[in-house]
Amino acid sequence: MAKMNMLQAINNALDLAMAKDSTVVCFGEDVGHFGGVFRATSKLQEKYGKDRCFNTPLTEQGIAGFANGMASQGMKPVAEIQFADYIFPAFDQIVNETAKFRYRSGNEFNVGGLVFRTPYGGGIAGGHYHSQSPEAYFAHTPGLKIAVPRDPYQAKGLLLASIASEDPVIFFEPKKLYRASTGEVPEEYYEIPLGVAEVMQEGKDVTVLAWGAQIEICQKAIEMAAAQGISCELIDLRSILPWDVETVVKSVTKTGRLVINHEAPLTGGFAGEIAATIQQRCFLHLESPIARVCGLDTPYPLALEREYVADHLKTFEAIVASVKF
Amino acid sequence: MTNPNNATISTVHTAEFTSGHALQIPTLRILQDDGTIYPGAVAPELDKETALKMYHSMSFIRVLDERMLAAQRQGRISFYMQCLGEEAATVGSAAALDDKDMIMAQYREQGALRYRGFSLEQFMNQLFSNEKDLGKGRQMPVHYGSKDIYYMTISSPLGTQIPQAAGYAYAQKLRGLANVTICYFGEGAASEGDFHAGLNMAAVHKAPVLFFCRNNGYAISTPANEQFKGDGIACRAVGYGMKAIRVDGADILAVYQATKMAREYALETNEPVLLESIAYRLGAHSSSDDPSGYRSKEEEEQWRKNDPISRFRLWLLAKGWLDDEADKAQIEALRAEILDALKVAEKVAKPGIEHLISDVYAEPIPELERQLAELKAHIRKYPDAYPITSGRMS
Ligand SMILES: Cc1ncc(C[n+]2csc(CCOP(=O)(O)OP(=O)(O)O)c2C)c(N)n1
Ligand SMILES: [Mg+2]
């Protein structure tokens, strides 16, 4: 075990993956010699050479298309999109190409092994172009897998599983936690399976569900609730696509209540999908309406960030309202 | 014979490549380092008032950049980007335009913005995202914009303004306006797909745009030689059937002359022109960046000698349009003025909570009104957690 922050854990995962498998290649804007603007690919070019870790021209659609091409040849590109806010020039390549490569060719060709890593989320005074959480756009795209880690241990295991996956994965990294989140991480190779949620804390009154940086927020809210005698069950969804319906169903069947928290705006957010599925599967067990604590239906603000975000106080209020319903 | 391919066919009978570097575009230089004009060059016609406005815009930006980077270091603003080394490129080009020509910039063009007349207070209000900011405190520092002075609000996603400039200029043309659009972007942003889309559409649809590429050698850490393999950016114009000109971006007279000529041509023919300024990003990419990780001090020092301001200053002094002592005193006064404006702007309140939902649509939709009401009730319950807004809610 070693103490690492999330960036170090990601760097360590990339290092292990490249050492283990010579078809793993990392690239993106400023990813080479400099090691990426957040330094997630630090030293990888030094270690594995310019052919396997390199800067690309400044073109996300190019990066995604190039990654599709490499993956279709059988290699394992791990492409960095510098900010999730800048993934949209690559939307066509990802949604129409990455996601449908296998399906459209009858599995003559596929881009399994392809991973897009991208920092997402707010809390860094980044305004609307350095704070977005675009997971729901991609969750609406069959053929993609999506994972979001909450801490360094999760980041390493989920990233290694993404690289090993036979399907293309978008790996959203909560940049707010890059340096802020630290923890013990095994130095050796390990995977955390995609599509499996984790019950982080058991409880009986209400299920609280989140992913990525919002887990921390929910933990605060749960502590406040505990002080009022409310017992919360906390679930980290970890994978948005596919998402672990059974774990959530089991929990809500027990607690009868569900509060979902995400950073992205409410309308069209992934919480809506979860709520629809859970009300169908758990209808007779529900004691209160499923609550969503999310960003407002506006672009991510700058000066009024604190007001906008799905913070612990809003989450706490939703937990109390759910229990008192 | 018709020409369905829209390509000139001159036939050869032995296979031969055309070199990828067949075209080399020369760099226009007028002003020498010592402030004199190159032998054989002719200085553009410039009256004293315009020349001084150009100079003062450059020195204003130099002092502002210095002060605001320091303010970022002190934690007073969250982020900053300097124009250092590219003052002449941005001021010289803006000076060659009409006041109603649209400017669509990338983010490092505060020189153009200042020349257009953006006031010190307006700079500060944006940088502090306070309630007087024209952009209502919504964007990170340096994302300026002002309809009054025809300066389109900056958008962080790179390259997006390039096809927009083509559309804007096409609309100017359809409206019968005697104006052009200038579109600034970095040599890095020129790798985006939007570059191709924008230049091709402007050429095909005959839009009077000046595409102004600031080739400053770097896109964050990525040097230009890892960005593209062609000879700079200017030569790409030929692929679009567009005129091009390359200038020394530290030579304000060359920049001014080239832009003026391009503007006249674009207005006359409705054809776009691609300009390329060759300069050096002397500062870090932004306050979040440390260039020591990717380039040497020696390289920086070499380019520091190529200072765009001192060259022009020498020219003005020689012409007797500027007085050395008076200028030095004026710059000292400017320092104090900027610090005072900073202190005022940082105390101005942040935008009110209603601006959380304004401008998403022309009128807030009912769901947004509902969300705001819910938020206000929540803030009333926890006023201490939301100090910016809790005391000022109606
Ligand atoms: C679509 C998009 N991708 C990535 C970024 C992140 N980014 C901001 S500035 C920059 C480098 C731009 O370099 P260049 O265009 O040469 O302009 P310069 O900074 O040199 O003025 C990058 C990669 C962005 N803002 N938008
Ligand atoms: Mg550049």
Nearest 100 Å², what total accessible surface is buried between chain A and chain B (probe 1.4 Å)? 3300
Find out how many positive minus negative residues lie around A:R52, taking Lys and Arg as positive, Asp and Glu as negative, among other residues whose Cβ is under 12 Å from that of A:R52. -1
Excluding B:G241 itself, calculate the net charge of residues whose Cβ lies under 13 Å from the Cβ of B:G241, where each Lys or Arg counts +1 and each Asp or Glu counts -1. +2
Given that compact globular proteins tend to follow 2.2 N^0.38 Å, what is the ratio of the alpha-carbon Rg of the protein assembly as shown to that value? 1.03
Whole-Hz ³J(HN,Hα) for each residue in region B:221-235, computed from phi via Karplus 6.51 cos²θ - 1.76 cosθ + 1.60 with θ = phi - 60°, x for glycine and proline: what do you get? 9, 7, x, 4, 6, 9, 9, 7, 10, x, 8, x, 9, 4, 5
A 23 angstrom limit on the alpha carbon distance is what I want to check against. Which of A:K314/B:K376; A:K176/A:K220; A:K204/A:K314; B:K132/B:K328 exceed it? B:K132/B:K328
Kirkwood-based Rg/Rh on the Cα set of region B:165-283 evaluates to 0.97
One finds, for A:E191 and B:W303 with R0 = 35 angstrom and r their Cβ-Cβ distance, a FRET efficiency to the nearest 0.05 of 0.15
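Can you send over the carbon and sulfur percentage of the accessible area for region A:2-185, probe radius 1.4 Å, protein chains only?
51
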Can you work out the Karplus-derived ³J(HN,Hα) for every residue in region A:126-142? Use 6.51 cos²θ - 1.76 cosθ + 1.60 with θ = phi - 60°, whole Hz, and x for glycine or proline. x, x, 6, 9, 9, 9, 6, 10, x, 4, 5, 4, 7, 5, 8, 10, x
Count the net charge of all other residues whose Cβ sits under 12 Å from the Cβ of A:Y308, scoring Lys and Arg as +1 and Asp and Glu as -1. -2
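Is the shape of region B:114-154 best called rounded, prolate or oblate, per the rule: a/c under 1.5 gives rounded, else a/b larger than b/c gives prolate, else oblate, with a ≥ b ≥ c the square roots of the Cα gyration tensor eigenvalues? Mind showing how you got there, number by number?
Numbers: a/c = 1.84, a/b = 1.41, b/c = 1.30.
It is prolate, given that a/c is not under 1.5 and a/b is the larger ratio.
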Cβ-derived FRET efficiency at R0 41 Å, B:A326 paired with B:E131, nearest 0.05: 0.65
Give me Rg/Rg_expected for region B:320-394, where Rg uses Cα atoms only and Rg_expected = 2.2 N^0.38 Å with N residues. 1.93
How many nm separate the modelled label positions at A:K324 and A:E184, each set 7 Å beyond the Cα in the direction of the Cβ? 4.0
Over chain A, one equal point on each Cα, no solvent: what is log10 I(q)/I(0) by the Debye formula at q = 0.12, 0.14 Å⁻¹? -0.79, -1.06
In degrees rounded to 10, the 0-90 angle between helix A:245-255 Cα long axis and the longest Cα principal axis of chain A is 20
Can you tell me the 0 to 90 degree angle between the C-alpha axis of helix B:308-319 and the longest principal axis of chain B, rounded to 10? 70
Which of the three applies to region A:29-149, rounded, prolate or oblate, going by the alpha-carbon gyration tensor with a ≥ b ≥ c and a/c under 1.5 meaning rounded? oblate
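Could you tell me what a quarter of the Cα convex hull surface of chain B works out to, in nm² with one decimal place?
25.6
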Calculate one ³J(HN,Hα) per residue across region B:94-102 by plugging θ = phi - 60° into the Karplus curve 6.51 cos²θ - 1.76 cosθ + 1.60, and present them in order as whole Hz with x for glycine and proline. 5, 5, 7, 9, 7, 4, 9, 6, 6
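The values are calculated or read from the model by the stated rules, or taken from the named source; none is laboratory data. Just so it is clear, the structure is predicted and the values come from calculations on it, not from any experiment. Note that each Cβ is placed from the backbone with ideal geometry, even for glycine, and that neighbours are counted across all protein chains shown. Each accessible area value is taken on the protein alone, full model and side chains, heavy atoms only, with ligands, DNA and RNA left out. Shrake-Rupley method; radii C 1.70, N 1.55, O 1.52, S 1.80 Å.
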